[in-house]
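For reference, the structure is listed below as structure tokens.
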Amino acid sequence: RQDSGRGEPKTLWGSSEPRPAAAGPGQPSPQQRTETLGFYESDRGRKKKRSLPDLSLLRFISAELTRGYFLEHNEAKYTERRERVYTCMRIPKELEKLMFFGIFLCLDAFLYVFTLLPLRVFLAVFRFITLPCYGLRDRHLLQPAQVCDILKGVILVICYFMMHYVDYSMMYHLIRGQSVIKLYIIYNMLEVADRLISSFGQDILDALYWTATEPKERKRAHIGVIPHFFMAVLYVFLHAILIMVQATTLNVAFNSHNKSLLTIMMSNNFVEIKGSVFKKFEKNNLFQMSNSDIKERFTNYVLLLIVCLRNMEQFSWNPDHLWVLFPDVCMVVASEIAVDIVKHAFITKFNDITADVYSEYRASLAFDLVSSRQKNAYTDYSDSVSRRMGFIPLPLAVLLIRVVTSSIKVQGVLAYVCVVLFYCGLISLKVLNSIVLLGKSCQYVKEAKMEEKLFNPVLTATPGKPAGKQQGTFKSTQGISTDENSSTSVTNQPVHQKENMPSLLVTSNSDQFLTTPDGEEKDISQDNSELKHRSAKKDLLEIDRFTICGNRID
């Protein structure tokens, strides 16, 4: 049928679609194209059918067994993993070297209270009594260090007599009557309270020392020496009672029949791993944790000594009972060492910290010791250890004197001779320990190339102004010209002056080595953004300087 309007043919459905164009010369017709496409599809199907037997289970297993790969294509990744393994293997050795050195530092500060402090107090009192013989030519009646020594001695004597009103036996039976779960909770609370009260206690003692020795011509901005003194006495007394409760709880655990309480208390150390391992740590935070672990381990050793003394007294100093306590003591010490090793190993692994950082920490502690021995040092060594590690020897010394005097009865001339000989032995041990520590500290400082920082002149802080503000002013006027002066610090220290400026005060720059060692320092004058970052970091670390004794970890 033809359309009357256009004359174009229609299909059966009435549409007016154009017909396919006729095939030109040399081109296949649509019918030929359809036949060719069908041929290819059938041929492809035959090929698939022929390849199906090749994808058998045996061929898959053979491919899995013979498949290869090349580790050298990702050499950096696997080298890093191997170094992590080596770091974990080195952690126990490096950590224990730091712990060993730190424990002897704490021992030196602890022995100072029993040996040199009484002698220094005697010399200060002798100077005060014989002062009229020398006239009033001296501006001060006593030197500031002598005033601090007298205050320490008076606090020790007062707290010792106050401890006589605390009945150890009643406390022991009161704690022993509690259930196991209560004692477990009490022990955990005591550990937390010990850290909190230590952080505040050193501030109380420092406030007392500064209030008693600051220049009197200044305008009075404090409540007076006597209120500060009573606050210090109250702190030392309360802290000594707290440590006594800890020792009593540990003693109850030792004397329990099934040792279940001791096991629970030791398992509590492994809970510490959960709270520390999965946190982000910088090198400075890890340094604070290491100092806290040193202090905790030394305190536990003293607590174990107190427990052994009390038990030996109850068994009339029978040597056979000491071997009964020996396995429990070894279990406590071994659990502490194992927890510290596991904790530090995984912290360094997760935060990509090398094992060499512990030698830097050791050099920093050695720098504190060497700088405190200088003629113009600004603090006593025992106070430096207290601020750095949070170890305050006064409460622990009060408790140990109380326990020893109640456990050992001194009667007769021979007994007093033995006491004098024992005191001479303690002095000899203190002197020997100090000499060895000083020699080792000089060696560590020299290996770390920090000896030049001992003699760098620094700027003292202006009265009434924070040290941080003065640092900023000094930086803006003088600038930073050397790599050594540009290194950051985790302590609240004044900035170094030029070499031609007079030496006013030598302070501890030990933590400069922690953040930027001499071999890795860069020229900050070439990078202003890096200077801003370092300055901001330094200000934050200065704030943390006097909270280190609280073991606060951000």
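The values are calculated or read from the model by the stated rules, or taken from the named source; none is laboratory data. Remember, predicted model here, so these are calculated numbers, not experimental data. All Cβ positions, even for glycine, are placed from backbone atoms using ideal geometry, and neighbour counts span all protein chains on display. Surface areas here come from the heavy atoms of the whole protein model, side chains and all, with no ligands, DNA or RNA. Shrake-Rupley method; radii C 1.70, N 1.55, O 1.52, S 1.80 Å.
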Mind counting the residues in the range 351-380 that are among the charged types (D, E, K, R) and within 15 Å of LYS440 (Cβ to Cβ)? 3
Looking for something out of contact with any strand residue (DSSP E or B) (no Cβ under 7 Å at 6 or more places or on another chain), over 30 Å from ALA355 (Cβ atoms) and crowded, with 17+ Cβ neighbours inside 10 Å - is there at least one such residue anywhere in the range 128-136? no
I'd like to know if the range 403-415 contains one or more residues that are in contact (Cβ under 8 Å) with a residue 24 or more places away in the chain and under 26 Å from SER292 (Cβ atoms). yes
Please find, among VAL420, VAL436, the residue that is assigned to a helix (DSSP H, G or I), modelled with pLDDT of 90 or more and over 28 Å from the mean Cα position of the chain (by Cα). VAL420
Could you tell me how many of the residues in the range 329-362 are hydrophobic (A, V, I, L, M, F, W, C) and open to solvent by less than 20 Å² (accessible area, probe 1.4 Å)? 7
Pull up the range 163-197, narrow it to residues that are modelled with pLDDT of 85 or more and among the basic types (Lys, Arg), then point me to the one that is farthest from the chain's Cα centre (by Cα). ARG176
Considering GLU64, GLU72, GLU96, GLU83, which residue is at pLDDT 90 or above, part of a helix (DSSP H, G or I) and open to solvent by 50 Å² or more (accessible area, probe 1.4 Å)? GLU96
Can you name the number of the only condition in (1) without any contact (Cβ under 8 Å) to a residue 60 or more places away in the chain; (2) assigned to a helix (DSSP H, G or I); (3) β-branched (Val, Ile, Thr) that ILE341 fails? (1)
For residues in the range 293-303 being over 17 Å from LEU242 (Cβ atoms) and open to solvent by less than 10 Å² (accessible area, probe 1.4 Å), which is nearest to the chain's Cα centre (by Cα)? ASP293
Six or more apart or on different chains, Cβ under 8 Å: which pairs go from a residue in the range 424-435 that's open to solvent by less than 70 Å² (accessible area, probe 1.4 Å) to one that's among the charged types (D, E, K, R) and part of a helix (DSSP H, G or I)? Could you list them? LYS430/ASP108; ASN433/ASP108; SER434/ASP108
Restricting the range 175-202 to residues that are of a type in the set (A, V, I, L, M) and farther than 17 Å from PHE254 by Cβ, the one surrounded by the most Cβ atoms within 10 Å (Cβ to Cβ) turns out to be ILE197
Pairs please, first residue from the range 163-188 and more than 14 Å from ALA247 (Cα to Cα), second anywhere and part of a helix (DSSP H, G or I) and of a type in the set (Ser, Thr, Tyr), Cβ atoms under 9 Å, 6+ apart in sequence or on different chains. HIS164/SER406; VAL180/SER260
